[in-house]
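S.K.: Supplied in structure tokens, the structure appears directly below.
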Amino acid sequence: MTSQEFEHIASVLRPRLKDIGKQFFGDNDVTEDIVQEVLMRLWILRERINPMMGTEALAVRMTKNLCISEWRSRKVRQTTSLKAAIPSHDSFQQNVELKEDITQLHQAVCRLQPTEQRLFRMRYEAEMDIGQITAVTGIGARSVSSMLSTAKRKLQEMLTKKGGKQ
């Protein structure tokens with residue numbers, strides 16, 4: 001599936017997925033979070049999805065499953081982790097320090113606002129560009145860039161001032 005096909009499918013599916021979320025919660029914020037999560041997952045799976053074969057059914061099922069999980073836990077599940085390949089080092093100390101840095105970064109990302117977390121993960125974990133993030137979230141490109149910049153600044157402040165801990 002190409003980026004253009006995905007953008008078209010995402011724009012068509014978004015209203016239906018929002019309706020499902022509203023049936024569960026009636027809360028636009030939670031619904032929007034779930035819709036964005038589903039579209040991000042579809043983006044990640046886009047190369048394995050045949051657009052002619054049940055993309056809508058898959059998206060609906062994913063939305064319902066996420067709604068059920070959210071309803072049960074009442075908090076956004078952290079389903080993705082920061083990609084961090086630990087290179088082999090000669091020193092055990094370097095490995096320990098690198099793992100601590102990754103843990104601090106993960107903790108700092110978890111303290112960002114939910115929208116900032118989602119955008120940060122889309123950009124740096126799913127490796128989506130601004131246009132793709134805009135298509136998935138429905139947020140304007142300038143706003144996405146601004147929110148990502150704010151998130152990076154917050155992360156830098158958290159990691160330099162507090163060492164990634166509160």
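S.K.: How would you rank 39-46, 27-34, highest first, on the average number of other Cβ atoms within 10 Å across their residues?
M.R.: By packing density, highest mean first, the sequence is 39-46, 27-34.
S.K.: Skip the ligands, DNA and RNA, and give the accessible area per residue of the range 1-64 with a 1.4 Å probe, whole Å².
M.R.: Solvent-accessible surface per residue comes out at 56 Å².
S.K.: In nm, give the distance between the simple-model label positions of GLU157 and TYR124, each being 7 Å from the Cα along the Cα-to-Cβ direction.
M.R.: In this crude label model, GLU157 to TYR124 measures out at 1.6 nm.
S.K.: Which percent of the accessible area of the range 112-166 is formed by carbon and sulfur heavy atoms (probe 1.4 angstrom)?
M.R.: Carbon with sulfur: 47 percent of the solvent-accessible area.
S.K.: Contour minus end-to-end for HIS106 and GLN4, with contour as 0.36 nm per residue of separation and end-to-end as the Cα-Cα distance?
M.R.: Full extension from HIS106 to GLN4 adds 33.5 nm.
The values are calculated or read from the model by the stated rules, or taken from the named source; none is laboratory data. Since the structure is predicted, the reported quantities are computational estimates derived from the model, not experimental observations. Reconstructed Cβ throughout: ideal geometry from the backbone, glycine too, with neighbour counts over all protein chains shown. Side chains included, ligands, DNA and RNA excluded: accessible areas come from the protein's heavy atoms. Shrake-Rupley method; radii C 1.70, N 1.55, O 1.52, S 1.80 Å.
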